[in-house]
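Presented below is the structure to which this report refers.
Just so it is clear, none of the values below were taken in a lab; they were calculated from the coordinates. Owing to the predicted nature of the structure, the values given are computational and were not obtained by experimental measurement. Positions of Cβ are generated from backbone atoms using ideal geometry, with glycine treated the same way; all protein chains shown enter the neighbour counts.
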Amino acid sequence: GDAGCAEYGGSAECPTWDTFVQCVPQEACEGGKNFSCGEGRKGRMCMQIEENYFNIGAMFFYACNGTEGVVGTSFAILFTLLAWLAMNTIASSNYDALDIALLFLQIIGMISFFPLRWHSSMNVLNTALGLVNFEVDFVSPCPTALSAEALFYVQLMLPFAFAIGYGAFFLARNALAGGFKDRRSLLKQVWKDMRGQVLGMVIVGYHQVCLKSFGALKCSTFQDGKQYLKMAPEIECWVGSHWAMAFVAVIYLIFVVFGVPVGVFLYTRHKRFTNNLEVDNGLNFLWERYEVDWIWWHSVLIVRRMAIAFILMVVDTPMIQGASASVLLAAFIVVHSAAQPFIDESLDMLEIVTLLGIECYAISGMIFFPSLSDATQGFVCPGDGEEVCAGENDNKARIAMAAICVIIFLVLVCFQVTFSNVLDKSRERKAVKRIRLFLDPSSQGQRGRQRGRVGGPREANLQSKILSLKGNDSASSPKLLSLPGARGMSFKDLVTGAQEQALKFSVQPAFAGANARALETILEPDTLSRWARWVASQGEERRAPARGANPLPGKAAPDPGEGVEAASVFSSTRAHFNTMEAVSEHTVTSLSEVVRQAAAVNGLLDWTAAASTVEERRTLASIFRRVAEWNEQEGGKGPARYSELVRPFWRPTLIWYMLRSSETRQRRCRTLLDSIHTHGRAPDAALPLLGGGTVAPGDEE
C-alpha cells in the first residue's frame, strides 16, 4: 500500500488505493497500517537507504556509527574493486574453468533476485553471490548512500573507469621498458596490451549493463496512477531526469547489450574465415578454448547473461520469471549437449554440470513460492504464523538446505576443475621457462661465469648450434630475473624482464601459413618440466669432476653425453618445426581438418614416430592431402556424394571393403553407389555430380 493515499491518511488521490505490491525482498517492509519500512530503509517500496545507514548486498543493513562506518565502508568498497579486478584479470584471460564458474555464479546471483519468497536461510548465500555480480552498490558508502540515478550512471561507466586504469598501467609499464621515443608505437602497444583486459571487464560486467539498460525502460503503475521505474520506484517515468536515463539506456542497448554479442560473433567468425586464429592479439580468450567449428560460442555465453537479465527486469510475475528461466536454461542445456564446443572435454562437462545446477536453483526457487500442502492453501507462508505454516516452513527449510548444498557442491566442483587448470598452466609456464632458459646461450654463459669457468668443448659446440639455429635473433635474448646477475640490473631492465614477452623466443614461420607454434608449447608441460630438470641435472653431473668432486672408487663417472645430446636434438627439432603447414586445433584448412580427425586414431602417432618408413609416411601424407583436396572440391558443389548414402555406424565397413578391393570391384561399387545416389534420392532434390552440374530428378540417363 501507499501511505500517501488519502484513504490511508495522506493527501494524494489514488485511483487504485486498495492495490498492494509485494516488497522485494519481503524483509524490506515491516507493513502495518503505516506501511513501515525495515531498519535502514526508506522511500517507496522501501528500496532506498536511510541516512547514516549502509547495506551489504542489498540484504543486510547496518548503522554507520560515525567515523567507524565511513572508514569501514571505504575499505570494503576498495576490497570489492580489487576483487573485481582480480576476477576479471584471472577469469577472462587465464583460466577457462574459472570463467565458467564466474558465469555460473553470476546467473545464480541474478536468479536469486527473482521475488520467489526465498527462504531466509539462503540470505547469506545470495549476498555472497552479489560480490561476483559486479554491482556498484554491493557495499553502499557512509554516511549517505548514492541515489538510484547516480548508481545507474556509475554502473554504466564502470568499464570505462577500469579501462582508464588499465591504460595508465600499461602505458607506464611500456614507457619504462621502451621509453617515449616512438609515441605512436608506444600507444599501439598499450592498446594491444589493454584491449583484452578491457573487453574482459565489459563481458564479466555485461549482465549489470543489461540490468540497468532494461531497468531504465521498465515502468510500473502504482496506486497514485503514476508510473515509476521498477528497479528504482523513487524515479517517476518519463518525467525530468528519466528522459536522460532512457536515452543513455537506449544507446547502451544498441552498442553494448546487443552490440557486444553480435560483435564477438562476427569478429570470431571473421578470424575463422581468414584462418587467423593463432595470432596472439590479446583477444584470444574469445576463441582459444573452443573447437574451430564453434569458434563463435563465446557470444552464446554472453547472450545467456542477457536473457536472464531480461527476464529479471522485464517479466513481472514471479512464477513466470522462474518458469521462463527454467525453460531457457533447459534449452541451453540441450544446445550445449549437442554442440560440446570446448576443446577440453572437462570444460564441456563442467558447463553441463553448472547449467544443471542453475536449473535446479531456479526450480527450487519456484517451490518456495506456492503452498506445498493442502493445509496451507490460501495462506502466505511463513508470514501467516507458525500455527498454519509450521510444517510448510520445515519443508521449505529442507529445500533451502538442499539448494545450498547443491550450490556449494557445484562451487567445489568448479574449484577442483579450476585448480587442475591452474596447475596445468603453472606447469606449462615453468616447463617452457626452464627449457628456454637452458637453451638461451646468454643465460648459459652467465651461469658458467658465475662458477668461474668456461664449459667444455661439447657445451661450446651445443651453444654454437643454438646460436646458428636462432640466427640474428640472438641479440634479443631475454633478461631473466631468476639469473644470478639480476641484482645488478636497472629498474628499467627489471620491468623489461617482468614482461611475458621477455620470456619468449621468437618463432619465425618459414612461409605464409606455416606452423607458428614453438615445439615446447605442444608438449605435455608436466613431462616436459621433468625432462628439462633431467637435462639440467646431466649438465651438473658433467661439471662435477671439474670442481674436484672425483667419482667413488670402483664406480664409473656418469655419462653426460645423453643429456647434452637430447638437448641438441630438441634444439634441432625446434628449429625445423616451423617449416610445414600449420595443423592445429585452430587452423582452418581442409588438410588440418583431415589430420585432426586422423589424429584421433589410437596408435597412429606412436606408429608414425616409431615404426613407419619414409615411404609409408610420404604415402600417408599424400593420402591426407588428396582427401583434403577432394573435400575442397566437393565443398563448393554440394553435400558429400556417397557418405550420406551409408549409415554412419557402418561407414568403416564399406571403407575397409574398398581398401581391400581390386580395381574392378572398386569400380563396380562406385557404379552401384552412383545408381543409388541418382535414383534413390528424394524427387525434389537436385543431384550433384562429380564432374560438375546436376541431374534433374526425372532424367533417366
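Couplings 3J(HN,Hα) for region 605-613, derived from phi with the Karplus relation 6.51 cos²θ - 1.76 cosθ + 1.60 (θ = phi - 60°), are 5, 5, 5, 4, 7, 9, 10, 7, 8 Hz, where x marks Gly and Pro.
Between residue 51 and residue 533, the simple spin-label model (points 7 angstrom out along Cα→Cβ) gives 6.6 nm.
Excluding residue 265 itself, what net charge comes from residues whose Cβ is under 12 Å from its Cβ, given Lys and Arg +1 and Asp and Glu -1? Counting the neighbours of residue 265, the net charge comes to +3. Evaluating 6.51 cos²θ - 1.76 cosθ + 1.60 at θ = phi - 60° for every residue in region 310-321, the Karplus couplings come out as 5, 4, 5, 8, 9, 7, 8, 5, x, 5, 5, 4 Hz, glycine and proline recorded as x. A Förster radius of 51 Å combined with the Cβ-Cβ distance from residue 346 to residue 20 puts the calculated FRET efficiency at roughly 0.55. Between residue 290 and 343, the built amide H atoms are under 5 Å apart, and every one of these is 5 or more places off in sequence or on another chain. Calculate the length of the line joining the C-alpha centroid of region 45-74 to that of region 346-363, in whole Å. Cα centres, region 45-74 to region 346-363: 35 Å. FRET efficiency for the pair residue 3 and residue 176, taken as 1/(1 + (r/R0)^6) with r the Cβ-Cβ distance and R0 = 56 Å, rounds to 0.35. One decimal place: the segment residue 327-residue 642 gains 109.5 nm when fully extended, by the rule 0.36 nm per residue minus the C-alpha distance.
The stretch between residue 65 and residue 575, if pulled fully straight at 0.36 nm per residue, gains 176.8 nm over its current Cα-Cα span. For region 1-115, the C-alpha radius of gyration sits at 1.47 times the compact-globule guess of 2.2 N^0.38 Å, with N the residue count.
Relative to the current alpha-carbon distance between residue 123 and residue 254, full extension at 0.36 nm per residue lengthens the span by 43.7 nm. Using θ = phi - 60° in the Karplus curve 6.51 cos²θ - 1.76 cosθ + 1.60, the 3J(HN,Hα) couplings for region 246-263 round to 5, 5, 4, 4, 5, 4, 5, 4, 6, 8, 10, 4, 9, x, 5, x, 5, x Hz; x is entered for Gly and Pro. Annotation: amide H-H contacts under 5 Å for residue 30 (H modelled 1.01 Å from N, sequence separation of 5 or more, or interchain): 36, 37, 38.
Between the beta carbons of residue 512 and residue 13, assuming R0 = 51 Å, the FRET efficiency works out to 0.10 to the nearest 0.05.
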